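This report concerns only the one structure given below.
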Amino acid sequence: MKKVLISAVIFGMMSTGAAFAAGTSQSNTGCGLGSMLLGEAANDSLGLQLLVTTTNGISGNATFGMTSGTSDCKTPSRIVGNERLNEFVVSNIDSLAKDIAMGRGESLDTMAELMGVSADKREAVYAQLQANFSSIFTSERVEAADVVDNIVTVINS
Amino acid sequence: MELFIKGYGCLRASISFFIFLIGITYISTTSVWAAEGSYLDLLLKTAEEKQLYRDRYWEVLLHYKKTLTGVKSLIDDPRFFLSSYGNKSPRNELVATLTGFFQEDKTDDSHPRCRFVARYEWLKNELNIDESQLPLASCKEFEEAHSRIRPKSVVLVFPAAYVNGPASTFGHTLIRIDGDYQSKLLSYATTYAAYADDTNGILYAFKGIFGYYKGYFTILPYYEKIKEYNDLEQRDIWEYRLNLTEDEVSKMLLHLWELREIYSDYYFFDENCSYSLLFMIEAARPSLRLTDEFGPWVIPIDTLRAMKKEGLVEAIEYRPSKGTKIRHIASLLDERAQISTIGVVAKTLRPEEVEESDPGEKIKVLDLASELIQYRYNEKELTKEEYQKDFLNVLMARSRLGSPGDGDYRIQVPLQPEEGHGSSRLTLGLGLKGGDFYQEIRYRAAQHELSDPSGGYIEGSEIVFFSMTVRNTPADGGVRLEGLDIINIVSISPRDRFFKPTSWKVKTGFLQKTMADGDENLIYHLNPGGGFAFKNDKLGLYYFMVETDLNVGGGYKNSYSLGIGPSLGVIREITEFWKMNLFANTFYYELGDNHKSYKVIAQQVVRLSQNNSLNLDLSWMRDFDVEQNEVKLNWNLYF
């Protein structure tokens, strides 16, 4: 009987723990386009207008964590162990998509640096990625890990 | 010893013997200390001899400030102190800290050596601490953070005001620590912010002002901050590289680590985001005394000015917001192309169907469309599914068009915010009203009005926190309080094809108003209003509003007067240093003391230098049956 009770308590704690953990990845509602939207847009209500903006309130986590919580997303299979790259792509997939479509941009440069693409090869790589945009962003629901894998496929092709 | 006792009896003998015993005991115990080899005691002794608890760096690390009775730390979290008197006694805290390094019950990051890495590094240096004589502690979390951040240099980041939010004129500051990466997006940024969950504006304001929120330092990748300020809040970002050395930057990170998960009461006015960052800079370079320079309030832009004054700023970069980028690209397109863009965003036009003779034009249309789709999603005008579909659709078509030309999206860098006029203002005025001369003096605490030169500020924005005007009219009553502004906020924000903001205003305070009998009385007023504004090359910025006005007190019948009426105005920048404001309104006071009022003002604003300007106001007004003309010349001094 005691064992059952203890197990029940542990299970209960784990469930609430999981629920709490899920809750704290506040704005991570997916791993694709439009997912990492941080918080609320600037509130126009007069009361808040009067004084809020320099208080710069944070709600949710008072976090000293260095990441914004991307652990829920799957990792790429064609590049392994590059945690910074994964974090970056999950959090910046929208600006990355835009940069690849444009053929240049800061997010694209950042991704190239994280992937170790040397500076002299970048122009060619960017042109290649732009030309193969639809092979990289295969659908609206495409996830960050797939984007990375597709990019590697295109570069190596 | 007995040889010297003769003639003084037993008492003397006993005293001498007692002293002898004490002497022996003292010598023995000191050798016991030495014999035990208490390294801690040696360190404590040396620290005391060097008076380290009085050292400037100890003061910086513990955030001690002088009070009437001694010193007190500005940090409120008791976990920041190892001694229970640590927040008031630098000496006790130093002793407790050194003692803490010898703790043996912890070996991980919870050990004082790891929790207080800055204190440890400094004391290690000052006292030549031999680390091998200390119990082992492994500061894994700190080392991981350090190897992730790889601190090399520091940038002070300033998100400027956003359009239609004059309260944001105060700005915000955060610190970015740059490491080895070329891309600055990968740097880490630290902010001090209040942990606030309330959504009620009044409660939020009250708690923020009186320190009911806890403030914490948080650290996030810089790209998250760009998304927050640039994209979500539509704020231009200014990046000021500071000339701190790598060693100094390292020290800053050590102190920042000490403050992780440590709270301090957040006071909107003085112990706010910008003030707290100054401690970080002092921890890097303790010879700077930035935190002592500020009084009852700290405006973020002023902390930036203080750093500039100390010669800390070595380079400046401008990062336009999404809103600024949208406006810029739109300005490059003719009307037809703009309409095509709207069509693409509204999905009445498929991206592939965009017809522009010039492929460069087509590129701009789709680039603008993609920015607008993101903007609409940020404003929650699109669901996520809609956004994903529309965004991808446009980008797909865009990817087939090649790269934009090199100079195409180069946005002209506006005047740096810290180059605008200072936050406080003193005005000396001379005027003529109804035939009587007067002299006037006005003090305004903060921060920017339509009567000030616009450089460095958002056009059409006004925010006043407390101002007081005293006027002397020798021919009519002498000296009197002419007005007291508690809060004024005005936001005149032009509507165009892409943005449709509502302009608005709120003013409240005390001012002199004409009564039915022609006398002037000091009354309380509350004057909110809202409307629309537009901008074109001929007129400048022009606006229409509907306003209400509540006046209380004075000689009004029933002691109040409540009215409503239209107003219109024009703000025209004529040259870089000359601006003209025109304003006209009328109020129909239907409740309380029933009457009508009219006002027309033409104001010239002339910028003489960064912190000097002139106003020339010509006004005509009519309240009840009393008509008056007024001419006023103001000299404004900003500081």
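Structural remarks
- Leaving ligands and nucleic acids aside, the A/B contact buries around 6500 square angstrom of accessible area in total at a 1.4 Å probe radius.
- Threshold 10 Å² - residues in segment B:398-413 whose accessible area is reduced by that much or more when the chain is no longer isolated, probe 1.4 Å: B:398, B:399, B:402, B:403, B:404, B:406, B:409
- When the listed pairs B:227/B:347; B:152/B:225; B:322/B:364; B:184/B:325 are checked against a 22 Å cut-off, the alpha-carbon distance exceeds it for B:227/B:347.
- The residues of segment B:483-510 occluded by other protein chains by 40 Å² or more of accessible area, set against the chain on its own, are B:504; surface from heavy atoms, 1.4 Å probe.
- Solvent-accessible area assigned to carbon and sulfur over the protein assembly as shown amounts to 57 percent, based on a 1.4 Å probe.
- Averaged over peptide B:381-394, the number of partner chain Cβ atoms lying within 10 Å of each residue's Cβ comes to 4.
- Residue among B:194, B:494, B:160 farthest towards the positive dipole end of the protein assembly as shown, charges placed on Cβ: B:194
- Charge dipole (chain B, unit charges on Cβ, about Cα centre) - positive-most of B:568, B:382, B:615: B:615
- Computed FRET value (nearest 0.05) for residue B:121 with residue B:612, which takes r as the C-beta separation and R₀ as 60 Å: 0.80
- Point-charge dipole on Cβ atoms (K/R +1, D/E -1) for segment A:83-156, about Cα centre, debye to 20: 200
- The protein assembly as shown: C-alpha gyration tensor shape, a/c 1.5 cut-off, then a/b vs b/c: oblate
- Remark: mean inter-chain Cβ contacts per residue of A:131-137 equal 3, using a 10 Å Cβ-Cβ cutoff to other protein chain atoms.
- With respect to chain B, whose longest principal axis is taken over its alpha-carbon atoms, helix B:140-149 is tilted by about 40°.
- Along the axis of the charge dipole computed for the protein assembly as shown (Cβ charges of +1 for Lys and Arg, -1 for Asp and Glu, origin at the Cα centre), the listed residues B:295, B:132, A:81 are led at the positive end by B:132.
- Within-11-Å neighbourhood charge of residue A:84 [Cβ basis; K, R +1; D, E -1]: -2
- Phi-based couplings in Hz for segment B:545-558 (Karplus 6.51, -1.76, 1.60; Gly and Pro marked x): 9, 10, 10, 10, 9, 10, 10, 10, x, x, x, 5, 4, 6
- Degrees separating the helix B:9-36 axis from the principal Cα axis of chain B, which is the longest one: 60
- Residue-wise HN-Hα couplings along segment B:77-92, as the Karplus relation 6.51 cos²θ - 1.76 cosθ + 1.60 with θ = phi - 60° gives them from phi, are 6, x, 5, 7, 10, 8, 9, 5, 9, x, 6, 10, 10, x, 5, 4 Hz; Gly and Pro carry x.
- Accessible area expressed per residue, segment A:83-156, with surrounding protein chains retained (probe 1.4 Å, Å²): 36
- Per residue accessible area of chain B, 1.4 Å probe, in Å²: 46
- Rounded to the nearest 20 debye, dipole of the protein assembly as shown from Cβ charges on Lys, Arg, Asp, Glu: 840
- Its Cα gyration tensor gives chain B an equivalent ellipsoid, and the semi-axes of that ellipsoid, as √(5λ) in whole Å with the largest first, are 59, 38, 20.
- The protection proxy used here, the mean number of other Cβ atoms lying within 10 Å of each residue, ranks peptides B:164-172, B:573-581 as follows, highest first: B:164-172, B:573-581.
- Label-point gap, in nm, between residue A:78 and residue B:335 - each point 7 angstrom along Cα→Cβ: 4.9
- Tilt relative to chain B, helix B:273-284 - C-alpha long axis, 0 to 90 degrees, to 10: 40
The values are calculated or read from the model by the stated rules, or taken from the named source; none is laboratory data. This is a predicted model, so every value here is computed, not measured. In this analysis, Cβ positions are derived from the backbone assuming ideal geometry, glycine residues included, and neighbour counts consider all displayed protein chains. These accessible areas exclude ligands, DNA and RNA; they are computed on the full protein's heavy atoms, side chains included. Shrake-Rupley method; radii C 1.70, N 1.55, O 1.52, S 1.80 Å.
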